[in-house]
Amino acid sequence: MILTGPNRTISAELSENGPDEAPTLRVCHGETTLLEPSPIGIETLSESYAEGLTITEYVERTIDSAYRTPAGKRLEHRHVANETAVVLSREDGRRLELDVRIATDGVAYRYRLPGDGPVVVTGERSAFRVPSDAAAWLMPFEKKHEGIWRETTAADASGQYGFPALFEVDDGAWVSLTESGVDGRYAAARFAVEEGSSRFDLRFPDSARHRMETAEQDVSARRPLTTPWRVAIVGDLATVTESDLVADLAEEADGADPSRLEDESWIEPGRVAWSWWSDGGSPSEYDVQKRYVDYASERGWEYVLVDAGWEDEWMPDLVSYAAERDVGIFLWARWSDVDTAAKREARFSEWTSWGVAGIKVDYMNSDTQEMMRFYDDLAEATAACGLMLNVHGSITPKGLRRRWPHLLTYEGVNGAENYHPVPNTYPPSHNAILPFTRNVLGPMDYTPVTFSAETRQTTVGHELALSVVYESGLQHFADDVDEYAARPLAEAFLEAVPAAWEGTAFVGGRPASEATIARRRGSEWFLGSITAGDARTVDAPLSFLEDDSEYDLELLADDDSGEKLRRLESVVDRSETVSVAVPEHGGFAARMTPRDGSR
């Protein structure tokens, strides 16, 4: 069975195979095979839905849906796709339903088990067989999802990897593999690859009941069961980088809008001042937190995050002090502080009575079904109290923010807090991989722009550009506020750059080498470029500008030392290319404002 997407560039071939083989799915982009025939199927405690399946029914439908988010690569989203609901049957009458959806930017499938009553899923046969010679960018799996990304090939991959896994199969043909629609009704997953196979098998989290690395935890569910989507984002590098497919797919099982919130007006993305990165003991010091509030207010930043160490005794006063200066306060909490309904009710009611804007919950460090249920409960409870949410030590985005739009960012990344260890093993290439991998999935709380890191290998231009290159609904600028004040050019740029965008465009680059991204708010465009490796000239075509207007360009680039910024001004339009000489591991940031004065 050949299935095609709306633009007919992406296609998938569903094959039944023999009585002792699992069905397979093959994915192509044009004439290029991105995924070779890859097994599908699901196993339960009592029954197998893998071998001996025959296509007995199918129904096709067209999807064209729109939705809005408070933050992201864009605020207005449109999802266009063709979906085929396939019934796969065995001779004994067992039925497995399979939804295969082909969008303009990828292919996804999920299983449905009809009926009623409890069901225990012991594993999936789901896998992605990647051409062995494909270039690969992978993150070895660990429970915080904070590994260092590395460049390799599909053939040389072995072990366990987190999501997503990115491949260049042919020159200009890319595929990013991940999942969407995971909540407490299932478990999050990872990839396992046997040496030399280039087949990325989906695996559930390790079972707490066993010490064997290969023992997967069962999933306890109820029929009718609809599993999460297994996702391949497909296209050129721009399509992959700009994709919102993970969020697009995170709808209800019947296709309805999943948002649980009738009123989203209280959800406000923003820039955040944060003292912990530069001084780990500072969250316990009231006067320091007041100083950060004062700075945020002066800069027009929306929030201050008070991390581990804050005290009940003075926090209500700090919240009031901040409110008088139009600054909201986020509080840090360990997940075990809010892991029961009673704890959540007691703490959230107290914090909301103080006027707290949101919370950062930390140290979950697990992908199990039990932890997915905690995320469900946490998101529901914070929404009920009007608390915005940031999760650290967390899963990577799987579309949950479609249901709970106040979940504005996730960590799930090896970010700036890891600049601190000595000796530094943090390669700048990692930074230049993230826009094409982790940040594709959704908001990423990297906590960027850390000029003062002693082990920093990147330039000040690179660091400043991260405020644009990385998307996060809560953008935590992590350095000491005195460091920003000492760099007036950077300070003025950070005062202007927003945390929520109305448009995103990939401008140029390649994983591990360069990432140049443009983002729009209103009629203004911001441009960020980071590089890893030798000094070079970065060319940034301005064709992303949406009209023929002229723009005033303010460019902040590295000087020859990479430790100071230089400011350049010019008038540009969409026909031009900005060319910037950058030093080793350098970068630049720019702001473009229409000359007619519109914003």
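Given the residues Ala557, Ala589, Ala581, which is the only one that is over 28 Å from the mean Cα position of the chain (by Cα), within 15 Å of Glu514 (Cβ to Cβ) and surrounded by 13 or more Cβ atoms within 10 Å (Cβ to Cβ)? Explain how you work it out, then say what you get.
Values: Ala557 fails: over 28 Å from the mean Cα position of the chain (by Cα); Ala589 fails: over 28 Å from the mean Cα position of the chain (by Cα).
Answer to the selection: Ala581.
Determine if the range 105-118 includes at least one residue that is among the β-branched types (Val, Ile, Thr) and surrounded by fewer than 22 Cβ atoms within 10 Å (Cβ to Cβ).
no
Within the range 564-586, count every residue that is touching a His at 6+ places or on another chain (Cβ under 6 Å) and assigned to a strand (DSSP E or B).
Count: 0.
Tell me which helices (runs of 4 or more DSSP H) are completely within the range 211-322 and hold 1 or more residues being hydroxyl-bearing (Ser, Thr, Tyr), or say none if there are none.
Answer list for the range 211-322: 237-242, 286-299.
Is it the case that the range 69-85 has a residue that's of a type in the set (Ser, Thr, Tyr) and not in a strand (DSSP E or B)?
Yes, the conditions are met somewhere in the range 69-85.
Report, by residue number, each residue of the range 137-147 that is part of a loop (DSSP other than H, G, I, E, B) and either open to solvent by less than 10 Å² (accessible area, probe 1.4 Å) or touching a residue at least 60 places away in the same chain (Cβ under 8 Å) (or both).
Of the residues in the range 137-147, the ones part of a loop (DSSP other than H, G, I, E, B) are 139, 141-147.
Selection gives Met139, Lys143, Lys144, His145, Glu146, Gly147.
Taking the range 349-367 as the search range and keeping residues that are polar (S, T, N, Q) and more than 15 Å from Thr382 (Cα to Cα), which one is most open to solvent (accessible area, probe 1.4 Å)?
Of everything passing the filter in the range 349-367, Asn365 is most open to solvent (accessible area, probe 1.4 Å).
State whether the residues of the range 479-488 include one that is of a type outside the set (Ser, Thr, Tyr), over 16 Å from Val272 (Cα atoms) and in contact with a Gly (Cβ under 6 Å, 6 or more places away or on another chain).
Within the range 479-488 (the criterion being of a type outside the set (Ser, Thr, Tyr), over 16 Å from Val272 (Cα atoms) and in contact with a Gly (Cβ under 6 Å, 6 or more places away or on another chain)), the answer is no, since none of the residues qualifies.
Restricting to the range 251-290, name every residue that is in contact with a Gly (Cβ under 7 Å, 6 or more places away or on another chain) and closer than 15 Å to Pro70 by Cβ.
Trp266, Pro269, listed by residue number.
Considering only residues that are modelled with pLDDT under 95 and either buried (at least 21 other Cβ atoms within 10 Å of the Cβ) or over 11 Å from Glu454 (Cβ atoms) (or both), which ones fall in the range 424-437? Working first, answer last.
At the first step, the residues of the range 424-437 found to be modelled with pLDDT under 95 are 424-427.
The answer is Thr425, Tyr426, Pro427.
What about Ser265, is it over 22 Å from the mean Cα position of the chain (by Cα) and polar (S, T, N, Q)?
For Ser265, the condition - over 22 Å from the mean Cα position of the chain (by Cα) and polar (S, T, N, Q) - is met.
Among the listed residues Ser523, Ser549, which satisfies the condition of being more than 26 Å from the chain's Cα centre (by Cα) and polar (S, T, N, Q)?
Ser549
From the list Arg125, Arg90, Arg94, Arg78, which residue is open to solvent by 50 Å² or more (accessible area, probe 1.4 Å) and touching a Leu at 6+ places or on another chain (Cβ under 7 Å)?
Checking each option against the conditions leaves just Arg90.
Can you name the residue in the range 148-191 that is open to solvent by 10 Å² or more (accessible area, probe 1.4 Å) and small (Gly, Ala, Ser) and is also nearest to Ser220 (Cα to Cα) among such residues?
The selected residue is Gly181.
Filter the range 368-403 down to the residues that are out of contact with any Pro (no Cβ under 7 Å at 6 or more places or on another chain) and open to solvent by 20 Å² or more (accessible area, probe 1.4 Å) and list them by number.
Glu370, Arg373, Asp376, Asp377, Glu380, Ala381, Ala384, Cys385, Gly386, Arg401
Please list, ordered by first then second residue, the pairs with beta carbon atoms under 8 Å, 6 or more apart or interchain, first in the range 81-94 and farther than 16 Å from Glu251 by Cα, second crowded, with 19+ Cβ neighbours inside 10 Å and of a type in the set (Gly, Ala, Ser).
Pairs found: Arg90/Gly52; Glu91/Gly52.
Before we move on, is Asp218 open to solvent by 10 Å² or more (accessible area, probe 1.4 Å) and touching a Leu at 6+ places or on another chain (Cβ under 8 Å)?
Criteria met by Asp218.
I'd like to verify a number: residues in the range 61-70 that are out of contact with any Asp or Glu (no Cβ under 8 Å at 6 or more places or on another chain) and either more than 28 Å from Pro114 (Cα to Cα) or hydrophobic (A, V, I, L, M, F, W, C) (or both), how many?
Total satisfying the criteria: 1.
Select, from Asn418, Asn414, the only residue that is assigned to a loop (DSSP other than H, G, I, E, B), out of contact with any strand residue (DSSP E or B) (no Cβ under 9 Å at 6 or more places or on another chain), surrounded by fewer than 24 Cβ atoms within 10 Å (Cβ to Cβ) and on the phi < 0 side of the Ramachandran plot.
Working: Asn418 fails: assigned to a loop (DSSP other than H, G, I, E, B).
Exactly one of Asn418, Asn414 is assigned to a loop (DSSP other than H, G, I, E, B), out of contact with any strand residue (DSSP E or B) (no Cβ under 9 Å at 6 or more places or on another chain), surrounded by fewer than 24 Cβ atoms within 10 Å (Cβ to Cβ) and on the phi < 0 side of the Ramachandran plot, namely Asn414.
Check every one of the helices (runs of 4 or more DSSP H) wholly within the range 456-544 and list those with 1 or more residues that are open to solvent by 10 Å² or more (accessible area, probe 1.4 Å) and free of Cβ contacts under 8 Å to residues at least 60 places away in the same chain.
481-485, 488-496
Run down Arg74, Arg129 and say which single residue is touching a residue at least 60 places away in the same chain (Cβ under 8 Å) and closer than 16 Å to Arg230 by Cα.
Arg129
If Ser549 passes every condition in (1) over 23 Å from Asp171 (Cα atoms); (2) not in a loop (DSSP other than H, G, I, E, B) but one, which one does it miss?
Result: Ser549 passes all but (2).
Would you point out which residue out of Tyr295, Tyr303 is surrounded by 22 or more Cβ atoms within 10 Å (Cβ to Cβ) and under 30 Å from the mean Cα position of the chain (by Cα)?
Values: Tyr295 fails: surrounded by 22 or more Cβ atoms within 10 Å (Cβ to Cβ).
Result of the check over Tyr295, Tyr303: Tyr303.
Among (1) in a strand (DSSP E or B); (2) without any contact (Cβ under 8 Å) to a residue 40 or more places away in the chain, where does Phe330 come up short?
Among (1) in a strand (DSSP E or B); (2) without any contact (Cβ under 8 Å) to a residue 40 or more places away in the chain, Phe330 violates only (2).
Could you check Ser570 against (1) under 25 Å from Pro428 (Cα atoms); (2) in contact with a strand residue (DSSP E or B) (Cβ under 9 Å, 6 or more places away or on another chain); (3) surrounded by fewer than 16 Cβ atoms within 10 Å (Cβ to Cβ); (4) among the small types (Gly, Ala, Ser) and say which number it fails?
With respect to (1) under 25 Å from Pro428 (Cα atoms); (2) in contact with a strand residue (DSSP E or B) (Cβ under 9 Å, 6 or more places away or on another chain); (3) surrounded by fewer than 16 Cβ atoms within 10 Å (Cβ to Cβ); (4) among the small types (Gly, Ala, Ser), Ser570 is out only on (1).
Please verify whether Asp133 is in contact with a strand residue (DSSP E or B) (Cβ under 8 Å, 6 or more places away or on another chain), surrounded by fewer than 16 Cβ atoms within 10 Å (Cβ to Cβ) and more than 28 Å from Ser259 (Cα to Cα), treating the condition exactly as stated. Full working, then the answer.
Details: in contact with a strand residue (DSSP E or B) (Cβ under 8 Å, 6 or more places away or on another chain): yes; surrounded by fewer than 16 Cβ atoms within 10 Å (Cβ to Cβ): yes; more than 28 Å from Ser259 (Cα to Cα): yes.
So Asp133 passes the test.
The values are calculated or read from the model by the stated rules, or taken from the named source; none is laboratory data. What you see is a predicted model; the values in this text were computed from it and never measured. Neighbour counts are summed over all protein chains in view; Cβ atoms, including those assigned to glycine, are modelled from backbone coordinates with ideal geometry. For accessibility, only protein heavy atoms count, side chains too; no ligands or nucleic acids. Shrake-Rupley method; radii C 1.70, N 1.55, O 1.52, S 1.80 Å.
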